[in-house]
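Asker: Can you read through this structure? Questions will come right after.
The values are calculated or read from the model by the stated rules, or taken from the named source; none is laboratory data. Here the structure is a predicted model, which is why all the values come from computation and not from measurement. Reconstructed Cβ throughout: ideal geometry from the backbone, glycine too, with neighbour counts over all protein chains shown.
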Amino acid sequence: MNANSFSSAEARDPTLWVLTISPIVWAVHFLLSYGTAAVWCAKYAGPAGSLWTVRVAILVYTAVALAAIGLTGSYGYAAHRRGAAGLPHDDDTPEDRRRFMGFATFLLSSLSAVAVIYAALVPLFVETCQ
Amino acid sequence: MIPDAGTTRTDVEPLAQAPPPAIQRGQVERLLRAWKTPTGWRYWSAVNNSEVGLWYTTATFIFLLFAGVLALLMRVQLAAPNNDFLSAELYNQAFTVHGSAMMFLFAIPVFEAIAVMFLPQMLGARDLPFPRLSAFGFWAFLIGGIFLSGSIFFDAAPRGGWFMYPPLTSTYQSGIGPDIWLLGFSFIEIAAIAAAVEMIVGTLQCRPPGMRVNLMPLYAWYILVASAMILFAFPPLIAGSLLLEVERAFHWPFFDPNGGGDPLLWQHLFWLFGHPEVYIIFLPSVALIAMIVPTFTRIPIVGYTWVVLAAIGTGFISFGLWVHHMYTTGLPGVSLGLFSAASEAVAIPTGVQIFCFLATIAAGRVTRSVPMLYAFGALVIFVLGGLTGVMVAIVPFDFQAHDTFFVVGHFHYVLIGGALFPIFAGAYYFFPLINGKGLSERLGRIGFWIAFAGFNIAFLPMHLTGLRGMPRRVFTYPDDLGLNALNLISTIGAFILAGGIAVIFWDLFRPKGRQPYSPRNPWKAGTLEWLAEMPGKPWGVRSIPEIDSRYPLWDQPNFERDVDEGRFYLPDAEEEQRETIVTSPLDARPEYCLRLPGPSFIPLVAAVTTGGFFVFGTFYQWTLAVISLVLALCVIVYWLWTGTAIVPEKPEKNVGLGLTLPLYASGIRSVSWWAMCITMLALFSAFMSLIFGYFFFWTRHEDFPPDPSPGPGQFWPLLAGALLLAAWGSTLVARNRNRADAAGGYYASLAAAIVLAAGGALALLAGPYFTQLDPTTHVYPATVWLLASWNGLLIGVGIIMYLYCIARRAAGRMTATYDIDIANVTLYWHFCMLMAAITIGVIAGFPLVA
């Protein structure tokens, strides 16, 4: 037997990067919101200027981000629920490893969604660049 | 657990019969010879993880004591109003060195040290994939640490506080203190990135066969996350230190408003590092608790996936917090709000893992023990620090508490609860793995209660001291502010805490000659590190097991016996070489057998010569610094030439259990390819920090870039782009020609790449040169020059790599099949090309659209 004769279920599966998709979406949403506000206030609106443009922009970012996180999360949830085995997904099989990855993806998506909503709450209350 | 119908089990069982005793004896002898620790003065050439980890941990503990003594001196000074025990000058040095040493010489390196020592054993690996890199990291750390700590004895230490804000550390400090900080710590940060490379590759590729990601010990998850964080957190500080040092040494005004610079850029870059760093410290420490709790509750951790969520989630969100250190700098309210929101959000994953630990404790039967005592203490203190953290994350409250003793109280609760107590818990738990002997339960309990009480007596009152208005970092205070009693109590508490730590240190370092060896697996734990014999053997693990469970020692029958009798993989060292198994990242399928290097003084010499550059640079002795750097380059090339990418004597070998593995891998399966990739990610994030600087200046100034733009124009940068693109293409051709075993084409395309790359670098520098940009006059030319020079330097290193690859093939050390060198150099050039493209887009393109 040599290394290549192992079953390579792994080769077709998503790699560990799948765990990071939703947190990366959160990070991009966060940086875009911060960057848009910073550039808008510094270059265009001035210290007391209106924040309306930024508020609309962040709303759009939020919708896109939540959609992307939602898709990732539902993929993760489906992977977690596949088959008959329940938590804690500690079986020594590629199937349980996939379920674990799915569940972790789902949890990270949930956290990312909460963090995106937290950030989106800010422009609800802040109206100017002050 | 209900296994699925149709589950694909690819399990390999250990040998049904143990090899005959004579064969086992032969195997053990060969393994011992391969893994022998050098003796006498050559002991210091050891690179084995158990030795390097031990030196590393010991050194960090000594720095902890040193920084702790400085804290006591400060507390003596503050014990009474108008005290003159320390001068203002010395007090400034004391708090700067205290904070810097605690962070850079204890908290971060101790996590690397502990991981170097125990991670391979937790992963059932013989060692980490780059033992000499670990040794280099340790020596670099030691040199940098002694350099920084020693400066206070010459009245030359930095005085700007551990976050070194300019202009306090530029215009107002002419001595070498800030240079010591900037260069000394840059050196240590390089060591930290080296450790991160080691940990990431180790966790992902050196797990034992069958240890799928859902079976990994939680410690490995935490270390993976913390190491990945280092790659994105440390580079901004390295970039910031580069800017500040260039400003101090060559007067390029990055932070000087007179030249268009802005001190706030430093704060951004520093805290882009500084806040994630808190979690880089916290995660590996709480990881120790995640290993301890299941052992003493006798059940698997409750909510394994939730803890993984907590580690990864915290890792990400902690990068969205940096501005909460800058609430009072006048940023727009919406920016503050965003960072406040993220600061509240990070409390969620942080809390989740603590609830998982509590749930495990509630679900199991807790055995009373000293490690659990420290773990409980840690949780109590950390939760209190976390709660005040949620308070200071709220902007209006922070306006009140900013730069007061409230913050000092808050972060000591976080760091001592989140790092120091867990590390003590880990020390009591893991100590038998170090020399086969346990620590004293009695001393452990006494030390705990004294330290726990002292800590709270010292730091709880500080919240009140701060709310009453006492700013941090003042060397004294007047008599009539109502601060006298609180400060005196804090001082008394600090000495009690020191007494507790003294007891713990006595227990750690007291001679244990007559004490009997601890029984094997004294705590009846379930994870792999407890396979170790008492006292341990240098080989890490006798045979590399096949893993079926998160707690193999609990769940896999006859596991210890099977490992000991060599019934698993690599039970022998037929060629008497150090070897371990490299596996795939998800399911840990064996991929190849990695030969590891043995003892060597090269890492030490490399650290000394590299350190020389930083030490001489501190004193502006640039000639000596450059000589030292050239020497370092020679040593590193020698190291690579003699010790890496060695063509094996046969293509593959039998590693036992009927499995034959290759002895060499290049490209994406190779550990060295990943090491290069990770290193380049770190360099890339440093580069992006410089790009951030460019756009930061754009938002801060009306005239950045100036209109009309004085340089570098478009011609030279675009020419550079074309030449570098051609160099990159030639590199790809060279790699493919080598694979096709076409030596002529390989050499020709590399020669072309050298010429093209050199031309590209010169053209990139020609832009600012011919448009006569003077970097000392204004921040715009300084930024353009810096970006061009950064690329020039990387391209220069890339040219050395080309020459190296030519020599490797010519010397027969690289062939069409064994092509690690050119594969990794190609990867390096992918990143170089990316950075050059971004640079050209920014310096040539942005002035057109701005």
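Asker: Hey, among B:315, B:303, which residue is more than 24 Å from residue B:165 (Cβ to Cβ) and either without any contact (Cβ under 8 Å) to a residue 60 or more places away in the chain or of a type in the set (Phe, Trp, Tyr) (or both)? Before the answer, list the steps.
Answerer: Values: B:315 fails: either without any contact (Cβ under 8 Å) to a residue 60 or more places away in the chain or of a type in the set (Phe, Trp, Tyr) (or both).
From the options B:315, B:303, the qualifying one is B:303.
Asker: If you go through the range B:752-768 one residue at a time, do you hit one that is surrounded by fewer than 16 Cβ atoms within 10 Å (Cβ to Cβ) and either not aliphatic (A, V, I, L, M) or not in a helix (DSSP H, G or I) (or both)?
Answerer: no
Asker: Would you confirm whether any residue within the range B:811-818 is of a type in the set (D, E, K, R), more than 30 Å from residue B:240 (Cα to Cα), touching an Asp or Glu at 6+ places or on another chain (Cβ under 6 Å) and assigned by TED's automatic domain parsing to the domain that holds residue B:738? Outline the logic, then answer.
Answerer: At the first step, the residues of the range B:811-818 found to be of a type in the set (D, E, K, R) are B:813.
Restricting the remaining residues to those that are more than 30 Å from residue B:240 (Cα to Cα) gives B:813.
Now narrow it down to the ones that are touching an Asp or Glu at 6+ places or on another chain (Cβ under 6 Å): none.
Checking the range B:811-818: not a single residue is of a type in the set (D, E, K, R), more than 30 Å from residue B:240 (Cα to Cα), touching an Asp or Glu at 6+ places or on another chain (Cβ under 6 Å) and assigned by TED's automatic domain parsing to the domain that holds residue B:738.
Asker: Taking residue B:308, is it under 23 Å from the mean Cα position of the chain (by Cα) and either part of a helix (DSSP H, G or I) or facing chain A (nearest Cβ under 10 Å) (or both)?
Answerer: yes
Asker: Of all residues in the range B:267-305, how many are within 21 Å of the chain's Cα centre (by Cα) and not in a helix (DSSP H, G or I)?
Answerer: 0
Asker: When you go through B:605, B:655 one by one, which is the residue that is surrounded by 16 or more Cβ atoms within 10 Å (Cβ to Cβ) and modelled with pLDDT of 95 or more?
Answerer: B:605
Asker: Looking at A:47, A:123 in this structure, which one is over 26 Å from residue B:213 (Cα atoms), facing chain B (nearest Cβ under 10 Å) and in a loop (DSSP other than H, G, I, E, B)?
Answerer: Selected residue: A:47, the only one of A:47, A:123 that is over 26 Å from residue B:213 (Cα atoms), facing chain B (nearest Cβ under 10 Å) and in a loop (DSSP other than H, G, I, E, B).
Asker: Report the residue count in the range B:361-371 for those that are in a helix (DSSP H, G or I) and surrounded by fewer than 22 Cβ atoms within 10 Å (Cβ to Cβ).
Answerer: 3
Asker: Pairs only if they're at least six apart or on different chains, beta carbon under 6 angstrom, first in the range B:526-548 and touching a residue at least 60 places away in the same chain (Cβ under 8 Å), second among the hydroxyl-bearing types (Ser, Thr, Tyr) and in a strand (DSSP E or B); list them, first residue then second.
Answerer: B:544/B:569
Asker: Quick check: is even one residue across the range B:637-660 within 14 Å of chain A (Cβ to nearest Cβ) and more than 30 Å from residue B:566 (Cβ to Cβ)?
Answerer: No, the conditions are met nowhere in the range B:637-660.
Asker: On to the next question. Looking at the range B:484-516, which of its residues are exposed (fewer than 15 other Cβ atoms within 10 Å of the Cβ) and closer than 21 Å to residue B:437 by Cβ?
Answerer: Matches in the range B:484-516: B:506, B:509, B:510, B:511, B:513, B:514, B:515, B:516.
Asker: Taking interchain pairs and intrachain pairs at least six residues apart, which have beta carbon atoms under 6 angstrom, with the first residue in the range B:121-138 and part of a helix (DSSP H, G or I) and the second among the acidic types (Asp, Glu)?
Answerer: What qualifies is B:121/B:529; B:122/B:529; B:133/B:198; B:134/B:198.
Asker: Considering the range A:22-44 alone, what residues qualify as being among the hydrophobic types (A, V, I, L, M, F, W, C), more than 21 Å from the chain's Cα centre (by Cα) and more than 8 Å from chain B (Cβ to nearest Cβ)?
Answerer: A:40 - this is the single residue of the range A:22-44 that is among the hydrophobic types (A, V, I, L, M, F, W, C), more than 21 Å from the chain's Cα centre (by Cα) and more than 8 Å from chain B (Cβ to nearest Cβ).
Asker: Would you check if there is a residue in the range B:715-726 being within 12 Å of residue B:840 (Cα to Cα), more than 37 Å from the chain's Cα centre (by Cα) and crowded, with 16+ Cβ neighbours inside 10 Å?
Answerer: Yes, the conditions are met somewhere in the range B:715-726.
Asker: For residues that are of a type in the set (Gly, Ala, Ser) and assigned to a helix (DSSP H, G or I), scanning just the range B:319-341, find the one that is farthest from the other protein chains (Cβ to nearest Cβ).
Answerer: B:340
Asker: Which of the residues spanning the range B:342-355 are surrounded by fewer than 23 Cβ atoms within 10 Å (Cβ to Cβ) and either at pLDDT below 90 or facing chain A (nearest Cβ under 8 Å) (or both)?
Answerer: B:344, B:348
Asker: Related question: Of all residues in the range A:99-120, count the ones that are touching a residue at least 60 places away in the same chain (Cβ under 8 Å) and either crowded, with 23+ Cβ neighbours inside 10 Å or facing chain B (nearest Cβ under 8 Å) (or both).
Answerer: Count: 10.
Asker: Just to be sure, is residue B:597 within 16 Å of residue B:664 (Cα to Cα) and touching a Gly at 6+ places or on another chain (Cβ under 6 Å)?
Answerer: Criteria met by residue B:597.
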